[in-house]
Amino acid sequence: MAERALRGTRLGATSYENDRNTDLAPRQDVAFDCPNGHHFSVPFAAEAELPATWECRVCGSIAIAATGESPSPKKAKPPRSHWDMLMERRTVEDLEAVLAERLEIIRERRVSEHREGLPGSRSERRSA
């Protein structure tokens, strides 16, 4: 008998509960205005902290709350580049000395490869 009662239903796909005799949490609707002219509202819990901005449902741009309170700009650090971080650790003179050392090593390596010119040297292994 129970087999017949479940025939034709998708178990787990639908809930047979209803909303009768249940109390929802108190809510408040907050209106937002999009810079592109869209107006929409979002429900929030009554005790929730309300955001000053929300993404527009229509176009995806940042909408501002219709209460008129503009969001306070966040203090952001200016982005640091690789050069900025390097200059915190080294001086220009130190960097020039390191560059001169590396160039000298590269020049010596090229000269030794050129002098060798023997089969099996590094330059021939690259081309093979």
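For the condition part of a loop (DSSP other than H, G, I, E, B) and either loosely packed, with under 12 Cβ neighbours inside 10 Å or modelled with pLDDT of 90 or more (or both), Arg10 qualifies. Residues that are open to solvent by less than 90 Å² (accessible area, probe 1.4 Å) and at pLDDT 90 or above number at least 2 in the following helices (runs of 4 or more DSSP H) confined to segment 20-128: 82-89, 92-116.
The values are calculated or read from the model by the stated rules, or taken from the named source; none is laboratory data. From a predicted model like this one, the values you see are computed outputs, not experimental measurements. Here the Cβ is made from the backbone with ideal geometry for all residues, glycine too, and neighbour counts use every protein chain on show. Heads up: the accessible areas ignore ligands, DNA and RNA and are worked out on the full protein's heavy atoms, side chains in. Shrake-Rupley method; radii C 1.70, N 1.55, O 1.52, S 1.80 Å.
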